[in-house]
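For reference, the structure is listed below as C-alpha cells.
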Amino acid sequence: MSYSNRQRGKANAKYRAEDVELLNRHFDALEQVRGSLADELDVRSLGVDTSMGKQLSVVSDFLRGKVTTEAVAMRPDVLAFVTPLLVDVDQGRKPADAIAGAVRRGVSLLAGHGAGERKLGRVLLWPVLLTLVSMIGLVLLSWLLIGQFEKIYVEFGVGLPRVTNFVIWIGRVVRWYSFLIVGVAALILPGYLLLNAIGKAKNPGSPGMVDRWFTGRRLAVSRWLFHCSLLLEAGAKGKSFSMAADASGSRWLVRKANRIADSKTAFAGRRFATVQTGIELPHSPGKVAFLRQIATWYRDRSGNFLDWWVSLYVSVWGWLLIAFFFFAIVSLLMPLFAIISGLSGGGPGGIF
C-alpha cells in the first residue's frame, strides 16, 4: 500500500469515526426516553409474526443496554426506530410524544425491507421438502415394490426385457446404499434450517446463508442501500456508504464503498446502474426516499428470481418423479403380463 493510500484509509476511518460519534451523541440525547421506546417495542412485538417479534426484541435489548458490542450506526434495525424519533425531535416535538409515531414508522420500514427475506426462507422450504420426500420414496419403492417383483421373477425363472432389468438394477443400487440415502435425507431439513440460520443469530431478520446463495448480490445491495438511507436520514453524511458496507460484512460491498469514497464509479454495467444513479444524487431527503425505492426494487427482484428458480425446480423434478414412477411400474408389469399370457394359452414367454 502506498503512502497516499494509507493516508486515504486513515482519512476514511476518521470520517467514519466522526459520523459514528455524531450518531452516538444523538442516541445518547435520547437516553431519557430509550426505556419508554423499548417498552413500546415490547408491546408491538406481541402483535407481529415471529421473525419480526424477535427483531423487535433485539432492538429493545439494545435500547436497554443489554447489547453493547456495536455502535448504533452499525445497526440498521435500531436506526429504523431511532432515526424517525431523531427527526421528530429536530422538528420540535417532545421525545415522549414522538415515540408512538417513531415505532409505527420503524415497524413499517423493517416490515417493508424484511418481508421479502422471510418469504425467501419459506419458498426455499418447498424444494427441500420435495427432495426429502423423493429420496425417502425412492428407498421405499426399491424395498417394497421393486424388490418384491424381483423375487417373483427369480422364482418363475422368467427372461426379463432390458427396461425391466434396468429398473431392477436401480432398485438394487438403492437398497445397497439405502442407509446412506436415508441418512442424507434425514440431514437435509436440519441442514437447511441450520444454514439458513447462519447470519440471523446476530441480527434477526437478516438473510440467512441459503438465501444469500440463491439471491446473489441483489439482496445484499438492497439491505445495504436501506442501511445507507437510514444513516443519511440520521445525519451521517460523510461516510454513510462505507459504514453500511462495513456493517454488512460483505467484502464485495466494502470494495464498492471504497470506490465511492475515491469518487469513482462503483457500479458499472446495467445490472446495478440504478444504484450508481442513486449514489451520485446530492444529499437531500429526496435521495433518502430514492435509495429506499431502489432497495425495495432489488429486494423484490431477488424474490422474483428465487420464485422462478423454485417453480422450475419443483415442476421439473416433480414431473421427473412422476415419469420415473410410471416407467418403473410399467417396466415391472411387462414380464408379469407375459407370464399371464403364457398361462392363458398365449405360449410360454408370451410377447417375449
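Every number in this text was worked out from the coordinates using simple rules, so none of it is lab data. What you see is a predicted model, and the numbers here were worked out from it, not measured in a lab. Cβ coordinates were reconstructed from backbone atoms using ideal geometry, including for glycine residues, and neighbour counts include every protein chain displayed.
So the values come out like this:
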{"item": "Largest-first ellipsoid semi-axes for the range 24-176, taking √(5λ) over the Cα gyration tensor eigenvalues, angstrom", "result": "64, 13, 12"}
{"item": "Principal axis box of the range 279-333, alpha-carbon based, largest edge first, Å", "result": "74, 14, 6"}
{"item": "Fewest-first sequence of ASP88, ASP262 by Cβ atoms within 10 Å of each Cβ", "result": "ASP262, ASP88"}
{"item": "Label-point separation in nm, ASP307 to VAL163, each point 7 Å along Cα→Cβ", "result": "3.9"}
{"item": "Largest-first ellipsoid semi-axes for the range 31-90, taking √(5λ) over the Cα gyration tensor eigenvalues, angstrom", "result": "18, 14, 11"}
{"item": "Computed FRET value (nearest 0.05) for SER178 with ARG251, which takes r as the C-beta separation and R₀ as 56 Å", "result": "0.85"}
{"item": "Förster radius 56 Å - calculated FRET efficiency between GLN148 and VAL43, Cβ distance, rounded to 0.05", "result": "0.35"}
{"item": "Over the range 247-320 - Rg/Rh using Cα atoms and the Kirkwood inverse-distance radius", "result": "1.14"}
